[in-house]
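Notes follow once the structure below has been shown.
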Amino acid sequence: MINLMLLLFLVVIAIAAIQAKDLLNSIMYLSVYSLFMALVWTELNAVDVAFTEAAVGAGVSGVFMIAALTRMNRFESSRERTGLGKYFPMAVVAVTAAMLFYATVDMPAYMDPEAPIHKHVAPYYIEHSEHETGSVNIVTSVLASYRGFDTLGETSVVFTAAISVILLLRRRDKNEK
Amino acid sequence: MIDFIAAKYNYLICVCLMMIGFYAVIAKQNLMKKIIGLSIFQTSVFLFYISMAKVTDGTAPIVWEGAVRYDNPLPHVLILTAIVVSVSTTAVAIALMINIYKAYGTIEDSKIREIEAGESGGSVSR
Amino acid sequence: MKNDVILRTVARCMVPFILLFAFYVQAHGEISPGGGFQAGVIFASAFILIALAVGKEKAREKFKQKISDFTCSLGLMIYAGIGFITILFGGLFLEYGKLPFGSAEKGNHLGMIGIELGVGIAVASVMVTIFFEIARKEDD
């Protein structure tokens, strides 16, 4: 039940985040959204993910956005679209939502232990993690050992992002060493 | 209908969040709003994955004696790394936005389009 | 804000504890929630706190640009390097069981700690780099 309450609250904060005219408010709503997402994940037993979200989503991501906002105009000043253009995005969203709602009919029920996702490789990880890798935390052993190659790719993506940001924003000045 | 909603409310709320993010990306003119919309969109996908990992009577996937059943650790791993990747990609988007602001002096999509149209007409030169 | 004595003092007091917590999370990745990704972000947030409360120049003195650029690559190199070392010992890429620590389980465990360390270093320096690049003002 608490899960449902948190999820509904998330929807409300998400709408508030995209409706606020002051971009600083918008970013703060996004941070609050991430913090509540971390609570949802603790509730869904994904403790590692909740930890990451609380550190990254609610912390660092908001700081990056506010740091960018200090360099530019804080208020959103777009004119409203007129005529049919105003309703076009809403129509696209409605059609996509209808298709996705229809797709959930085929999903296995929430919390069903017989769902196909729990039948493939996950039982192997759960059973063998402790004696094969000596790690009690199954998430860490899958992350670092069974799927180490994936994690190498993810680390490369993070590294590439840093290179891109340096290339886009760093300037070679005379007084900089 | 009620049974359907009760059995799958997590997925339905995922779709709602995803559509909120999608709407922000396609309808809002402000680039920062678009980035915020993208973040919400990403988070809804994460929520979808983690919802699939949950099982009845499941506990967090850390080995202990009293556990009946563990939640599926695989989606947790994928999303754990995806969150860090998502903040990195958001940072690249912000860097691009800062460069756009440097070039045009605004982050409003409609105004950038006006400036572009003025430039191609040959009336304004930089 | 930068002249607020209380803010600066509290930030200075908190920094060692944040760093210690980052190392704790890094070291306890195998037995509790945590690991390289979280530890890296927490480590970076300590420097971001210094930058916000005391000033960007002071924070940059503590973690110089040259060093952070180097450690970005170093983290990824540790990760990939461990992968290649396992090839030298006759295993597949990233097959830690072949590392010469006695048993396969021991090799797996220590290999995991090694690559978590690489991930932690990479993520920490990437986050610090991104923050300082984004927060850079036009005139500096």
Where the centroid of each part is defined by its Cα atoms, how far is the range B:83-97 from the range A:59-109 in Å? 17 Å
One quarter of the convex hull surface, Cα atoms only: what value does that give for the range B:37-102 in nm²? 5.1 nm²
FRET efficiency for residue A:130 and residue B:116, using Cβ-Cβ distance with R0 set to 56 Å, rounded to 0.05: 0.40
So what's the angle, to the nearest 10 degrees on a 0 to 90 scale, between helix B:31-53 and the longest Cα principal axis of chain B? 10 degrees
Cleavage-rule hits (trypsin sites (Lys or Arg not before Pro)) in the range C:1-58: DSSP loop, at most 13 neighbouring Cβ within 10 angstrom: C:2
Size of the protein assembly as shown as Cα extents on the principal axes (Å, biggest first): 74, 64, 46
Number of Lys-Lys pairs in chain C under 14 Å by Cα, sequence gap 8 or more or different chains? 5
How do B:14, C:13 rank when sorted from fewest to most other Cβ atoms within 10 Å of their own Cβ? C:13, B:14
Viscosity 1.306 mPa s, temperature 10 °C: give me the Stokes-Einstein translational D for chain C in µm²/s, with Rh taken as the Kirkwood radius over C-alpha pairs. 96 µm²/s
Going by C-beta contacts inside 10 Å, put C:77, B:19 in order with the fewest on the left. C:77, B:19
Report the calculated FRET efficiency for residue A:170 and residue A:73 (r = Cβ-Cβ distance, R0 = 25 Å), to the nearest 0.05. 0.60
Point-charge dipole on Cβ atoms (K/R +1, D/E -1) for the range A:117-177, about Cα centre, debye to 20: 600 debye
DSSP-assigned coil residues among GluC sites (Glu not before Pro) in the range C:39-140, each with at most 14 further Cβ atoms within 10 Å: C:138
Treating only the Cβ atoms of Lys and Arg (+1) and Asp and Glu (-1) as charged, compute the dipole magnitude of the protein assembly as shown about its Cα centre; round to the nearest 20 debye. 1900 debye
Please give the length that would be gained between residue C:110 and residue C:6 if that part of the chain were fully extended, namely 0.36 nm times their separation in residues minus their C-alpha to C-alpha distance (nm, one decimal). 33.1 nm
Report, as a whole number in µm² per second, the diffusion coefficient that Stokes-Einstein gives for chain A at 37 °C and 0.692 mPa s using the Kirkwood radius over alpha carbon pairs. 158 µm²/s
Over chain A, calculate the relative contact order: mean separation of alpha carbon pairs under 8 Å at least 6 apart, over the residue count, as a percent. 13 percent
Using only DSSP helix segments of four residues or longer, with each worth -39500 (n - 2.57), what per-residue ellipticity at 222 nm results for chain C after dividing by its residue count and rounding to 500? -25500 deg cm²/dmol
Among B:91, B:79, B:1, whose Cα sits farthest toward the positive end of the charge dipole of chain B (+1 at Cβ of Lys/Arg, -1 at Cβ of Asp/Glu, about the Cα centre)? B:91
Quick check on the exposure proxy: order A:170, A:74 from fewest to most C-beta atoms within 10 angstrom. A:74, A:170
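Bear in mind that the values in this text are calculations on the coordinates, not laboratory data. Computed from a predicted model, the values in this text were never measured in an experiment. Heads up, the Cβs are rebuilt from the backbone with ideal geometry, glycines too, and the neighbour counts pull from every protein chain shown.
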